[in-house]
Structure formats: structure tokens, C-alpha cells
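A.B. asks: Before I ask anything, let me first share the structure, which is written out below as C-alpha cells.
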Amino acid sequence: MKNKKLKMGMIGGGPGSFIGAIHRIAAFMDGEIELVCGAFSSDPQKSRTAGETLYLNPSRVYGSYKEMFEKEKALPEDQRMDFVSIVTPNHVHFEPARLALEAGFHVVLDKPMTLTLQEAHDLYNIVSESKLLFCLTHTYTGYPMVKQAKQFVKSGQLGKIRKVYVEYPQGWLSTPLESEENKQASWRTDPSQSGKAGCMGDIGTHAFNLAEYVSGLEVSKLCADLNTAVEGRRLDDDGAVLLRFSNGASGTLMASQVAAGEENNIKVRVYGEKGGLEWQQEDANTLLIKWLDKPAEIWRAGTGYLSSYASHNTRTPAGHPEGYLEAFANHYRNFALCLHARKNGEEPKAEWLDFPGAEDGLRGMAFIENVVKSSDSNEKWTSFSL
């Protein structure tokens, strides 16, 4: 039986961080996890300041993640952290994740998994060899109606899948914010911190992950066109990708950060021989099912007719909106439930195991690599290779 909260450490998420606060809210939502330590900034003073605002014991607020791993590992087992949440820019994903796993700590890591595909391969192998739990926070697959969509496709009711459309339009980078000392824009448009891709690495990977998750298919080849709309920007801020899936289905992926006026309405549509489905974040509690030979259906979160996967990831009765924070929290809760089960020598339920992991991270980095390769090439199609 569970008798105490899991202890979490955090790397990053200090002053000026957006995603750090999101991770903490998500981790705390279900009462399974408490924050006990952290290295919140590469600047030791900023890390201490963050620790103070989070009411942590000063002795558990560290000046670097290396110091944190060394000192946490030296603590008695019932006091040290159980896992670490890494919420840093992309170029500070691999090393802390590697060191955490080598020190015996489970890992929750923000996406994309690493800076390069080679790092992703190395980290995937380390995770596999360690037998430790690893969660990659691809937020959108945490929504209950996205889980329902996946189960609907898996049931075969739509027939063989023929077409997948996925889009993620944003408009926040329509102007050169990176030249205005905007921290979030600066690192996302810097190849040394973001990696080979800008828009496609930041939100294109979310769209790719959502498409593969809901359809249950894997991309086998692609044809990409990346674009940099804002003059002087060093990475792509817009792009489109034609997709071919493992069963022969075709698809289209669009991601843009210069779609002026757009916010974060990620959307997926999947069509089979007998019908299709549609989900979008702006109406996250609704899943549309469209039939070839009968009226369309509106499926709603919190209702009694949903799958066990959707129901398990729903907290409120029908009509009460569940959004981004709850979807994020579902990954943390499922990760926590699996970790509790491991500590108790129990088998986790299938619904608990449904969170993104190292394989999703490896495929996401391969997506970035192949999209950039395709866009730079004169060839029409590029085989999707890991």
C-alpha cells in the first residue's frame, strides 16, 4: 500500500521559467508527489532564491545538478528524492538525465528528449539498461479525450486508417522577440540551445507524437518544407510535412509559430474506411466521431460510456472543463502510480503505463532529424530512419 508521497527533485524551473511552474502544478495536483530538493538555475544564487520561494530546506537547494545527485544519493533511502524532473532548455537535457539514471534516480524529462539524435540514442540505451522509470512530458496525449480517440481507433470501429491530419498553429513568434531579451524566444531560436529545428523541434514534435499516438501507426517516410518567415531568425518558425505511415496511410503535419493571432489550438483528425474522428485543444472535452453512413456523434469527457483509459484520466463530472494542467498532471500521476507499484512489488495497471517514454523521445528526435534532412534535400521523400 502507498504510505507516503514520492519525493521529487527538480533541475531548472527557476526565475523566469514558464514550464517549471507548470511541471510543479502538474506534479502536485493529485497529492502523489512532493518537491524536496532542486537545482533550479545554473546560477547558484538564483537557485537559492527559487528554493526560498518554494519553501524548501536550504540544505536541499543546490548550486548545480551534479551537486544535487551526489548529495541526494548520500542521504538515507527514506529521505532522498525518488525521482528528478528536468525542465531545462533542450541542450541541458541529456547530461542531467544520464547522471540521474546512473545515480539510480527515475526521471521525468521535458520534451524534446535531447539536443541531437545521437544523444537520444544514447539516452534511450541508458534508460533501457537502467530498468528505471522514464517519462517524457508530451502534454497533449494526457487529455482524456485523446486517450479515448486512441482507444476508438484501436477498437477497429473506423476500419483501416487511411488519412491523418495534425496541426499546431501558434502566432507568438510573428515578430523577432528574441531580439527583445525575451528568455523563452531567445533559447528556442538559438541552435546551440534548441538544436537543429526551431518550430518543428518545439511544437512539431508534439504534433508528430499526437499523430502516432492516436493513429497507432508509425511514420515510415516524409517530405518536409521548412520556412523561416522572420528575417534574421536562425531556425525555422514554420513548416509543413507530408507523411506516409507504416500501413500505407498518408498524412499531413503543419506547425507554425508565425500564424499571427493563433494561440495553441493543436488539432488531430484521423480517417478510416468507415469513419473519422476529430479532437482539438480549444474544446478538449469533446471528441467528434464522423460516420460514412450515419449521423456524427459527440463524445464528452466525464461520461459513463468512455473507455477505462479516458475515465482513469478524468477528474471531474461531465461539463466541468479539464485542460492543459490536468493533461500534464495525468502523465505525472500515471508515472507516480507506476513508481508506487514498483516500490510495493506490484504490477501496474495498463492504464497507468500509458504515458510517453524513451521510445517516444527517440522517435521525436528522429522526426526532427528527418524533417530537416528532407527540407534541405532536393529529393521528394526521405525514409524515416532512427
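The values are calculated or read from the model by the stated rules, or taken from the named source; none is laboratory data. Computed from a predicted model, the values in this text were never measured in an experiment. Cβ placement follows ideal geometry from the backbone for every residue including glycine, while neighbour counts extend to all protein chains displayed.
A.B. asks: If I go through region 266-288 residue by residue, how many of them are farther than 30 Å from CYS199 by Cα and of a type outside the set (Lys, Arg)?
C.D. replies: As a first pass, look at region 266-288 and keep what is farther than 30 Å from CYS199 by Cα: 273-275.
Subsequent filtering for residues that are of a type outside the set (Lys, Arg) retains 273, 275.
The number of residues fulfilling the criteria is 2.
A.B. asks: Working only within region 34-55, note down all residues that are in contact with a Lys or Arg (Cβ under 8 Å, 6 or more places away or on another chain) and assigned to a helix (DSSP H, G or I).
C.D. replies: The one that is in contact with a Lys or Arg (Cβ under 8 Å, 6 or more places away or on another chain) and assigned to a helix (DSSP H, G or I): GLY51.
Let's see how each residue does on (1) within 25 Å of PHE18 (Cβ to Cβ); (2) of a type in the set (S, T, N, Q):
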{"position": "GLU273", "(1), (2)": "no, no"}
{"position": "ALA284", "(1), (2)": "yes, no"}
{"position": "THR314", "(1), (2)": "no, yes"}
{"position": "ARG363", "(1), (2)": "no, no"}
{"position": "GLU379", "(1), (2)": "no, no"}
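A.B. asks: Still on this structure, I have one more. I'd like to verify a number: residues in region 334-353 that are within 20 Å of LEU109 (Cα to Cα) and either among the hydrophobic types (A, V, I, L, M, F, W, C) or not assigned by TED's automatic domain parsing to the domain that holds VAL127 (or both), how many?
C.D. replies: 7
Quick grid of which residues meet (1) touching a strand residue (DSSP E or B) at 6+ places or on another chain (Cβ under 9 Å); (2) exposed (fewer than 15 other Cβ atoms within 10 Å of the Cβ); (3) modelled with pLDDT of 95 or more:
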site	(1), (2), (3)
GLN281	yes, no, yes
ILE289	yes, no, yes
GLU297	yes, yes, yes
ALA336	yes, no, yes
PRO348	no, no, yes
ASP360	yes, no, yes
MET365	no, no, yes
ASP376	yes, yes, yes
LYS380	yes, yes, no
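A.B. asks: May I pose another question? In the set GLU326, GLU351, which member is among the acidic types (Asp, Glu), assigned to a helix (DSSP H, G or I) and within 19 Å of the chain's Cα centre (by Cα)?
C.D. replies: Working: GLU351 fails: assigned to a helix (DSSP H, G or I).
Step by step, each of GLU326, GLU351 is checked, and only GLU326 is among the acidic types (Asp, Glu), assigned to a helix (DSSP H, G or I) and within 19 Å of the chain's Cα centre (by Cα).
A.B. asks: Answer with yes or no whether ALA120 is assigned to a helix (DSSP H, G or I), touching a strand residue (DSSP E or B) at 6+ places or on another chain (Cβ under 6 Å), in contact (Cβ under 8 Å) with a residue 12 or more places away in the chain and not basic (Lys, Arg). Step through it out loud before you land on a result.
C.D. replies: Values: assigned to a helix (DSSP H, G or I): yes; touching a strand residue (DSSP E or B) at 6+ places or on another chain (Cβ under 6 Å): no; in contact (Cβ under 8 Å) with a residue 12 or more places away in the chain: yes; not basic (Lys, Arg): yes.
Taking the combined requirement at face value, the residue does not satisfy it.
A.B. asks: For region 71-79, indicate whether the set of residues that are within 17 Å of the chain's Cα centre (by Cα), buried (at least 19 other Cβ atoms within 10 Å of the Cβ), at pLDDT 95 or above and not aromatic (Phe, Trp, Tyr) is non-empty. Full working, then the answer.
C.D. replies: Step one: list which residues in region 71-79 are within 17 Å of the chain's Cα centre (by Cα), which gives none.
Within region 71-79 (the criterion being within 17 Å of the chain's Cα centre (by Cα), buried (at least 19 other Cβ atoms within 10 Å of the Cβ), at pLDDT 95 or above and not aromatic (Phe, Trp, Tyr)), the answer is no, since none of the residues qualifies.
A.B. asks: Kindly indicate whether any position in region 294-304 is among the hydroxyl-bearing types (Ser, Thr, Tyr) and assigned by TED's automatic domain parsing to the domain that holds GLN151. Write out each step before concluding.
C.D. replies: Kept after step one, since they are among the hydroxyl-bearing types (Ser, Thr, Tyr), are these residues of region 294-304: 303.
Pick out the ones that are also assigned by TED's automatic domain parsing to the domain that holds GLN151 and you get 303.
Yes, there is a match, as at least one residue in region 294-304 is among the hydroxyl-bearing types (Ser, Thr, Tyr) and assigned by TED's automatic domain parsing to the domain that holds GLN151.
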